Amino acid sequence: MRIVAAIGGSIIIKDYDYKKFQEYAEVLKKLAEEHEIFVVVGGGKPAREYIQVVRDLDCGEAKCDDIGIEVTRINAKLLLLALGNSSYQKVPHNFQEALEYSASGKIIVMGGTEPAHSTDAVSAILAEYVQADMLINLTSVDGMYTKDPNKYSDAELIEEITATEMLKFINGNDVKAGTYEFFDMTAIQMIKRSSLETIIANGEDPQNLVKAIKKEKIGTRIISE
Ligand code: UTP
């Protein structure tokens, strides 16, 4: 299968630590023996911190995004370092380059592309672009909940949701640089228009990526409609 995996910055670089890069590298190398793998890495805390500096400089939102993108690309480079020769040692800056580099047969790792969305959207557009069989979004929670699980103890995990329902659900969320909440609208629109098979799962344990690929019951499945 051709798989696009989005790994949230909050997962891969939670504590400026090498461990998650190494753990993910091991899992991805193994998966690449059987599947064609594209990875999109988020910015996490470092991106938010850098974005705050740009915001304080009062340079406008697109410039904040621009710095955010640079940070996602640094994180992508770190994952390339952890993956070594199993990966194509250059971070694509757009979808065309990602497809081009994939001719190497190696794992492709990218970060952001252009302002006004998050790496969730990048992963969904990439999945469309390379006609992936599956999109897996690895995040810091178990999936989509009825309410914010960090604020409400009675929040319930949603096992399956249509893209249309999800669009209604997250409409009105903040879309400022560094503050995309949970999932961004562009990503869902792509999932909807291309009927992308999508799973949102907890990325704290990289094995959840393997489980999602094996179609084990995990996280939230987004179905098109
Ligand atoms: P992330 O994808 O990590 O955003 O990109 P996020 O959802 O805010 O962070 P997490 O998932 O909670 O960790 C970091 C920032 O980089 C910019 C946006 O400002 C985004 O918030 N960005 C990223 C872009 O403008 N375009 C891109 O293609 C990617």
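The values are calculated or read from the model by the stated rules, or taken from the named source; none is laboratory data. Predicted, not measured: the structure shown is a model, and the values here were computed from it. Cβ: placed from backbone, ideal geometry, glycine included. Neighbour counts: every protein chain shown. Just the protein is used for accessible areas: all its heavy atoms, side chains included, with ligands, DNA and RNA removed. Shrake-Rupley method; radii C 1.70, N 1.55, O 1.52, S 1.80 Å.
List of remarks:
- For the condition touching a Leu at 6+ places or on another chain (Cβ under 9 Å), of a type in the set (Phe, Trp, Tyr) and without any contact (Cβ under 8 Å) to a residue 40 or more places away in the chain, Tyr88 qualifies.
- The range 1-53, residues that are of a type in the set (D, E, K, R) and closer than 22 Å to Ala98 by Cα: Arg2, Glu26, Lys29, Lys30, Glu33, Glu34, Glu36
- Looking across the range 32-51, the residues that are over 17 Å from the mean Cα position of the chain (by Cα) and in contact (Cβ under 8 Å) with a residue 40 or more places away in the chain come down to Ala32, His35, Ile51.
- Test: Val91 is under 25 Å from Leu196 (Cβ atoms), touching a Lys or Arg at 6+ places or on another chain (Cβ under 6 Å) and within 16 Å of the ligand (Cβ to nearest atom): yes
- Any chance Ile3 is within 14 Å of the ligand (Cβ to nearest atom) and of a type outside the set (Ser, Thr, Tyr): no
- Residues of the range 196-225 classified as assigned to a loop (DSSP other than H, G, I, E, B) and either at pLDDT 95 or above or not hydroxyl-bearing (Ser, Thr, Tyr) (or both), total: 13
- Filter result (touching a Pro at 6+ places or on another chain (Cβ under 9 Å), more than 24 Å from Ala121 (Cβ to Cβ) and of a type in the set (D, E, K, R)) within the range 6-47: Glu23, Glu26
- When the range 73-93 is filtered for residues that are within 18 Å of the chain's Cα centre (by Cα) and over 22 Å from Gly44 (Cβ atoms), nothing remains.
- Residue count for the range 70-97, restricted to those that are assigned to a loop (DSSP other than H, G, I, E, B) and within 19 Å of Tyr18 (Cα to Cα): 2
- If you go through the range 110-165 and pick out every residue that is open to solvent by less than 50 Å² (accessible area, probe 1.4 Å) and either of a type in the set (Asp, Glu) or more than 15 Å from the ligand (Cβ to nearest atom) (or both), you end up with 12.
- The residue that is nearest to the ligand (Cβ to nearest atom), among those in the range 11-29 that are surrounded by fewer than 19 Cβ atoms within 10 Å (Cβ to Cβ) and under 22 Å from Ile200 (Cβ atoms), is Lys14.
- Options Val54, Val40, Val71, Val91: the member that is open to solvent by less than 40 Å² (accessible area, probe 1.4 Å), more than 16 Å from Met110 (Cβ to Cβ) and not charged (D, E, K, R): Val54
- Any chance Ile7 is crowded, with 23+ Cβ neighbours inside 10 Å and touching a helix residue (DSSP H, G or I) at 6+ places or on another chain (Cβ under 9 Å): yes
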